[in-house]
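Structure first, then comments.
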Amino acid sequence: MQAGTDIKIARLTSPEAMRAAARLMSSSDPWLRLGINYADCLKSIRTPYRELHGTLRSGELKGLVLITMYGTLRGYIQALCVSPGCRGEGVGKALLLYAEKRIFRESPNVFLCVSSFNSGAIRFYRRLGYKRAGLLKDFVISGSDEILMRKTRGPLRGPAPRGIKRKQ
């Protein structure tokens, strides 16, 4: 995949693809720095209600996005990971835009968390319209916070029912 070429993304469901995704995640930051190993990554990928999508080149996984479309934060990007050799080629952006399109079909909000030490990822998400929605202090490991970010098209529901005032 060279910059400017089409990046094809598809849903990945095979056990082989899930193992490849877990290998890719567990061998790169932020997972390495957070101490999240292959078994942890594979368990996360296999969790019900999660969708694994990715892009392949020559049969090898080059990037993935893991989406949760269930629960309070329906439309949560659990993971976005690009192979080190493909960074800077637009793979991450393509995966994120693909995930947003998928999520916005069913939810007005896209959520994700990014580790406070991951300044490059924070800049990346901000450039693409994500805003800080909250902070989870020492959430995964001590000394590192997770920043909850959100891109929105509006609230989950319309205006408040008559007689009920919403907080300003």
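In this structure, G71 does satisfy being in a loop (DSSP other than H, G, I, E, B) and either exposed (fewer than 14 other Cβ atoms within 10 Å of the Cβ) or out of contact with any Ser or Thr (no Cβ under 9 Å at 6 or more places or on another chain) (or both).
Restricting attention to the stretch 96-118, does a residue exist that is free of Cβ contacts under 8 Å to residues at least 40 places away in the same chain, assigned to a helix (DSSP H, G or I) and surrounded by fewer than 20 Cβ atoms within 10 Å (Cβ to Cβ)? Checked against the condition, which is being free of Cβ contacts under 8 Å to residues at least 40 places away in the same chain, assigned to a helix (DSSP H, G or I) and surrounded by fewer than 20 Cβ atoms within 10 Å (Cβ to Cβ), the stretch 96-118 yields at least one hit. Of all the numbered requirements in (1) in a loop (DSSP other than H, G, I, E, B); (2) small (G, A, S); (3) under 16 Å from the mean Cα position of the chain (by Cα), G54 misses one, and that requirement is (1).
What are the residues in the stretch 127-143 that are outside any strand (DSSP E or B) and under 18 Å from R153 (Cα atoms), if any? Reasoning before the result, please.
Narrowing the stretch 127-143 to residues outside any strand (DSSP E or B): 127-130, 142-143.
Scanning the stretch 127-143 gives R127, L128, G129, Y130.
Within the option set L56, L73, L80, L32, being modelled with pLDDT of 95 or more and among the aliphatic types (A, V, I, L, M) holds for one residue only, L80.
Quick check on Y38: is it among the hydroxyl-bearing types (S, T, Y), modelled with pLDDT of 95 or more and more than 15 Å from the chain's Cα centre (by Cα)? Criteria met by Y38.
Residue check: I77 meets all listed conditions (1) over 12 Å from the mean Cα position of the chain (by Cα); (2) buried (at least 19 other Cβ atoms within 10 Å of the Cβ) but one, namely (1). Within the stretch 11-40, can you find the residues that are loosely packed, with under 12 Cβ neighbours inside 10 Å and either within 22 Å of Y98 (Cβ to Cβ) or in contact with a strand residue (DSSP E or B) (Cβ under 8 Å, 6 or more places away or on another chain) (or both)? Of everything in the stretch 11-40, those that are loosely packed, with under 12 Cβ neighbours inside 10 Å and either within 22 Å of Y98 (Cβ to Cβ) or in contact with a strand residue (DSSP E or B) (Cβ under 8 Å, 6 or more places away or on another chain) (or both) turn out to be R11, T13, S14, E16, G35. Of all the listed residues (K43, K8), the sole one being in a loop (DSSP other than H, G, I, E, B), among the basic types (K, R) and either exposed (fewer than 15 other Cβ atoms within 10 Å of the Cβ) or modelled with pLDDT under 95 (or both) is K8. Close Cβ contacts (under 7 Å, 6 or more residues apart or on different chains) running from residues in the stretch 20-37 that are in contact (Cβ under 8 Å) with a residue 12 or more places away in the chain to residues that are outside any helix (DSSP H, G or I) and of a type in the set (S, T, Y) comprise L24/S83; P30/S115; L34/S115. Is it fair to say A3 is of a type outside the set (F, W, Y) and at pLDDT 95 or above? Against the criterion (of a type outside the set (F, W, Y) and at pLDDT 95 or above), A3 does not qualify.
May I ask you to say which residue of R126, R50 is surrounded by fewer than 18 Cβ atoms within 10 Å (Cβ to Cβ), more than 21 Å from R19 (Cα to Cα) and not aromatic (F, W, Y)?
Working: R50 fails: more than 21 Å from R19 (Cα to Cα).
Being surrounded by fewer than 18 Cβ atoms within 10 Å (Cβ to Cβ), more than 21 Å from R19 (Cα to Cα) and not aromatic (F, W, Y) holds for just one of R126, R50, which is R126.
The values are calculated or read from the model by the stated rules, or taken from the named source; none is laboratory data. As the structure is a computational prediction, the values presented were derived from the model and not from experiment. Ideal geometry is used to build each Cβ from the backbone, glycine not excepted, and the neighbour counts take in all protein chains shown.
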